[in-house]
Structures are given as C-alpha cells and as structure tokens.
1. Cα centroids of the stretch 21-45 and the stretch 83-134: how far apart, whole angstrom?
2. Only helices at least 30 Å long along their own axis, judged from Cα atoms, and with Kyte-Doolittle mean hydropathy of -1.0 or greater: name those in the chain from DSSP H.
3. Given N residues in the stretch 1-46, what is its alpha carbon radius of gyration divided by 2.2 N^0.38 Å?
4. When each pair of different Cα atoms in the chain is counted once in the 1/r mean, what is the Kirkwood radius in angstroms, to one decimal?
5. For the chain, which cysteines have no second Cys with its Cβ under 4.7 Å from theirs?
6. Would you mind giving the three semi-axes, in whole Å and largest first, of the ellipsoid equivalent to the stretch 11-95 according to its Cα gyration tensor?
7. For n ≥ 4 DSSP H runs only, could you compute -39500 (n - 2.57) per run for the chain, divide by its residues and tell me the 222 nm figure to the nearest 500?
8. Just the number: Rg to Rh for the stretch 65-153, Cα atoms, Kirkwood Rh, two decimals.
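The numbers here are math on the coordinates, done by the rules we state, and not lab data. Here the structure is a predicted model, which means the values were calculated and not measured. Cβ: placed from backbone, ideal geometry, glycine included. Neighbour counts: every protein chain shown.
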Amino acid sequence: MVDDNKNYLFYANQEREGFIQLYNLGSIFDFMAGMAQSICEKYLKQIIDDYCQPSTVQEQYEKEMVLHSHNLRTLFNLLEKYDINIDHEAKKTILCVDGYYFSTRYPSPDASTISQNDLKECLESINVCKKTIETIREEMELQNQSMDDMSMQ
C-alpha cells in the first residue's frame, strides 16, 4: 500500500532538511550538489503531478516520461506547456543546479568538484525552488476555489 503523504513534496522537504544539516555543519561533499538538483526536481515534479492534467494518451505518456527525467529544463518545459510559468529570475537561480545530478555522482570526463561557494548557490536554488512551488500551489488552490465558487452560483 502506498502512503499518499509520501509524495514528491514529502521527499523534497526531507532531503532539503538533510542538505541544510550537512551545509550547516560545514560539510563539502560533491554529492550535495547532486542532492540539490534532486530536491529541485522533486519540488517541480510535485507541481507537474498535481497540476499538469493531460487530455490525451500522448500527453499522459509525455508527463510520465518527464516525471522520470533528471533535467530541470525538461521539467520547466512541461510546466510552460500547461501554462504554469515560473518567474525568469527564479528559473535562472534554480537552473544553477541543473547538471549536478550526474556530474557529482558518477565518474566521467564531466565530473564536478564542488566548493563551499557552489553549495551556497545550491542552497539558494533549493530555497528559491521551494518558495516558487509554494507560491504556485497557493495560486492554483485559489484558482480552484474560485472555479468551485463560480460553479456553485
């Protein structure tokens, strides 16, 4: 049985707390940058899961594929397709962590070594992403309430 409370938001918030604890201890681990990207992915995926409602089988397939992506640009593209727009500056800040998922977790020519300054930027990306999705959720809930009120009239 799946716990309905353990959604993308649950895991994003849990991982964010872990990231912050490591950050506050002064830890500098490469995987923390990959963790930052993963946290942002989960926040964005929660919005996709909740508010991107496909109307065709092809759109449903596309949504499912995007929910398996580790590319923040791909997630943003699907949100835009459903008219869920993210502020340009917020998007720019969040995209600072794009690419860390693989480059800080696996050996490759593109492997990254992370500094304390990089992790500071990662924390900013996480916090901006969290705030952005909270704002979107509030706006969508207000919009849904307005639609419910109108249908009752």
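1. After rounding, the separation between the Cα centres reads 9 Å.
2. Numbers: long enough: 30-51 (33 Å, -0.12); 116-152 (54 Å, -0.83).
Passing helices, by number: 30-51, 116-152.
3. 1.24
4. Working: mean 1/r = 0.0606 Å⁻¹.
After inverting the pairwise mean of 1/r, the radius is 16.5 Å.
5. Those would be Cys52, Cys96, Cys122, since no other cysteine Cβ in the chain comes under 4.7 Å of theirs.
6. Numbers: eigenvalues 153, 35, 21 Å².
Taking √(5λ) for each Cα gyration eigenvalue gives 28, 13, 10 Å.
7. Values: 7 runs with 107 residues, N = 153.
Estimated from H runs of four or more residues: -23000 deg cm²/dmol.
8. Working: Rg = 17.0 Å, Rh = 15.2 Å.
On the Cα set of the stretch 65-153, Rg over Rh gives 1.12.
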